[in-house]
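The values are calculated or read from the model by the stated rules, or taken from the named source; none is laboratory data. All figures in this text were calculated on a predicted structure; none of them were measured in a lab. No Cβ is skipped: glycine too gets one built from the backbone with ideal geometry, and neighbour counts run over all protein chains shown.
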Amino acid sequence: MKKFTILALALCLAVVMAAPVMAVDADFSGYYRVRGVYVQQYDLRDTSENNAFMNMSFRLQTVFKVSDILSVTTRFDALDGYIWGGGNDAATGGADNNLNFDRAYMTINAPLGKFDIGRQAGGTFGTKFLDSASSVDRIKYTKVIDDLTILAIFEKVTEGDSGLASSDDGDVDHDKYCLAAIKKMENVTAGVLGVFYNDKNTGSDANDANESTIKKYALNPYFVSKFGPLAIHGELCYIWGERDYDAAATADLDYKQLAYNVEGSYNLGAATVLAGYAFISGENTDATEVTAYNGVGNDWEKLLILTTNEIPALRDSLGGVGNVSTDGTLEVGAKIIYAGVVVSPVENVSLTFAAGSAKADEKPASYYSDDFGVEYDLTLNWKIYDNLTYTAIAAYLDAGDIFWTTNSTKPPNFDDTYALFHQLQLSF
């Protein structure tokens with residue numbers, strides 16, 4: 001008993017002496033924002049009603065730093081997308097889904113590199129083109145060697161083995177493997193990402209006629225450059241692969257998907273002018289090929305009406321067709337040309353005027369036209385205080401004939417539309 005007591009006291013003393021070393025620091029960051037939206041006749045009929053609402057979101061990210069080597073990061077959203085007077089929108093799970101922990105991962109800064117393990121940020125690489133920031137389940141390894149950064153990622157997209165109904169349901173996961181390199185030079189930063197998708201989660205079980213395996217590959221290079229007043233950036237992604245059906249009677253599918261964007265800007269001192277072009281491949285008529293890309297990305301919002309993902313009425317229902325965001329209807333693909341000018345009348349205020357035109361890459365036989373129309377945007381960014389920013393956007397769409405769909409003549413009551421957006425965000 002005496003030996004046990006001495007051992008217990010020694011253990012307590014060791015814990016007390018180690019307490020200062022085990023202290024945990026916590027860093028907090030996040031934002032609270034409120035938004036307002038007004039869309040006139042989103043179905044492009046002058047006899048329809050308008051769409052107007054306000055919503056809000058609160059985000060808190062916490063980093064628990066155990067030591068210089070170890071830390072844990074968590075993040076949650078409260079009242080994310082909460083509609084004032086109406087509850088949460090459908091995308092956030094309804095009115096009862098007011099708190100969502102979407103990230104929790106550990107970071108190990110080992111001598112051989114940094115490891116991030118758990119549910120963390122994903123869906124982004126290079127420029128904002130094609131990006132759709134999200135939370136994903138992955139292991140990410142990062143190694144910095146002078147001006148070169150190496151990334152290696154394993155990501156679990158879909159888990160199909162955790163609740164097996166029969167022996168046929170095993171090994172039906174969707175896994176993603178990534179390898180990337182980013183090089184920083186004097187005037188240019190360039191990188192390339194390679195991705196392998198191994199998707200076996202494509203049917204209910206091995207006896208299902210639709211059971212198949214999708215193996216896709218992606219090559220995604222980008223560059224960002226600045227030479228004095230001239231800045232140019234670009235990004236490309238090409239996806240190829242095959243969907244192999246288990247049923248011999250079902251024809252396999254080939255994947256050939258392409259998207260790219262290039263943009264240049266020039267600082268004139270009093271103003272900055274910019275111009276760019278984006279291409280998203282659409283679905284062709286070959287039944288054995290998948291050529292439609294997913295979209296321009298939810299974070300690439302060059303034009304409020306045609307590319308936003310934040311306003312459901314425009315994303316899903318614009319003219320009954322939808323816009324060209326990743327979550328919109330984009331089997332037709334898109335060719336987008338745009339230009340703009342940015343001026344700052346005072347130090348904390350910037351005004352951006354932008355205009356853009358979009359056409360479909362592949363027009364279905366049932367569609368009358370491939371023209372999405374021409375959009376004009378005016379954006380105000382006002383930094384009221386260091387941590388408080390107000391943004392307002394007024395956008396007008398001279399709607400194109402693609403929204404007539406199968407009509408060979410202009411439908412009755414067809415009209416253009418405009419949208420107003422404003423946001424007040426306090427960051428900390």
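Take the residues in the range 314-371 that are in a loop (DSSP other than H, G, I, E, B) and polar (S, T, N, Q), then tell me which one is surrounded by the fewest Cβ atoms within 10 Å (Cβ to Cβ). Filtering first and then ranking leaves S366. The listed residues are E375, E331, and the only one of them that is farther than 26 Å from L426 by Cα, at pLDDT 95 or above, among the charged types (D, E, K, R) and under 23 Å from the mean Cα position of the chain (by Cα) turns out to be E375. Applying a threshold of 6 Å to beta carbon distances and a minimum spacing of six or more residues, or different chains, the list of pairs starting in the range 98-110 at a residue that is without any contact (Cβ under 8 Å) to a residue 24 or more places away in the chain and ending at one that is assigned to a strand (DSSP E or B) and of a type outside the set (K, R) reads N98/L79; L99/A78.
Taking the range 231-255 as the range and being within 30 Å of T272 (Cα to Cα) and touching an Asp or Glu at 6+ places or on another chain (Cβ under 8 Å) as the test, the residues that pass are I232, H233, G234. Within the range 38-53, restricting attention to residues that are of a type outside the set (F, W, Y) and surrounded by 15 or more Cβ atoms within 10 Å (Cβ to Cβ), the residue that is nearest to V321 (Cα to Cα) is D43. Residues in the range 229-248 that are free of Cβ contacts under 8 Å to residues at least 24 places away in the same chain and either over 27 Å from A180 (Cβ atoms) or in contact with a Gly (Cβ under 7 Å, 6 or more places away or on another chain) (or both): A248 only. Scan the range 343-372 for residues that are out of contact with any strand residue (DSSP E or B) (no Cβ under 8 Å at 6 or more places or on another chain) and modelled with pLDDT of 95 or more and the total you get is 0.
Tell me, which residue of the range 268-313 that is small (G, A, S) and modelled with pLDDT of 95 or more is farthest from T417 (Cα to Cα)? Steps first, answer last, please.
Initial filter on the range 268-313 (small (G, A, S)): 269-271, 275-276, 278, 281-282, 287, 292, 295, 297, 313.
Among the residues that remain, those that are also modelled with pLDDT of 95 or more are: 271, 275-276, 278, 281.
On the way: A271: 29, A275: 24, G276: 24, A278: 23, S281: 26 Å.
Within the range 268-313, the match that is farthest from T417 (Cα to Cα) is A271.
For D68, the test of being in a loop (DSSP other than H, G, I, E, B), under 30 Å from D416 (Cβ atoms) and at pLDDT 85 or above is failed.
Here W382 qualifies as within 30 Å of L60 (Cβ to Cβ), among the aromatic types (F, W, Y) and free of Cβ contacts under 8 Å to residues at least 40 places away in the same chain.
Of all residues in the range 309-326, those that are farther than 23 Å from Y82 by Cα and of a type outside the set (S, T, N, Q) have Cβ atoms under 8 Å from Cβ atoms of residues that are in a loop (DSSP other than H, G, I, E, B) and at pLDDT 85 or above, 6 or more apart or on another chain, in G319/Y42; G319/D43; G319/L44; G320/D43; G320/L44; V324/G295; V324/V296.
Listed here are the residues, each with its yes/no results for (1) among the hydroxyl-bearing types (S, T, Y); (2) over 19 Å from the mean Cα position of the chain (by Cα); (3) surrounded by 14 or more Cβ atoms within 10 Å (Cβ to Cβ); (4) at pLDDT 95 or above.
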position	(1), (2), (3), (4)
Y105	yes, yes, yes, yes
K114	no, yes, yes, yes
A121	no, no, yes, yes
G126	no, no, yes, yes
V136	no, no, yes, yes
K140	no, no, yes, yes
V144	no, yes, no, yes
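Pairing residues of the range 268-281 that are farther than 18 Å from N323 by Cβ and in contact (Cβ under 8 Å) with a residue 12 or more places away in the chain with residues that are surrounded by fewer than 18 Cβ atoms within 10 Å (Cβ to Cβ) and among the hydroxyl-bearing types (S, T, Y), at Cβ distances under 6 Å and at least 6 apart in sequence or on separate chains, gives V273/Y266.
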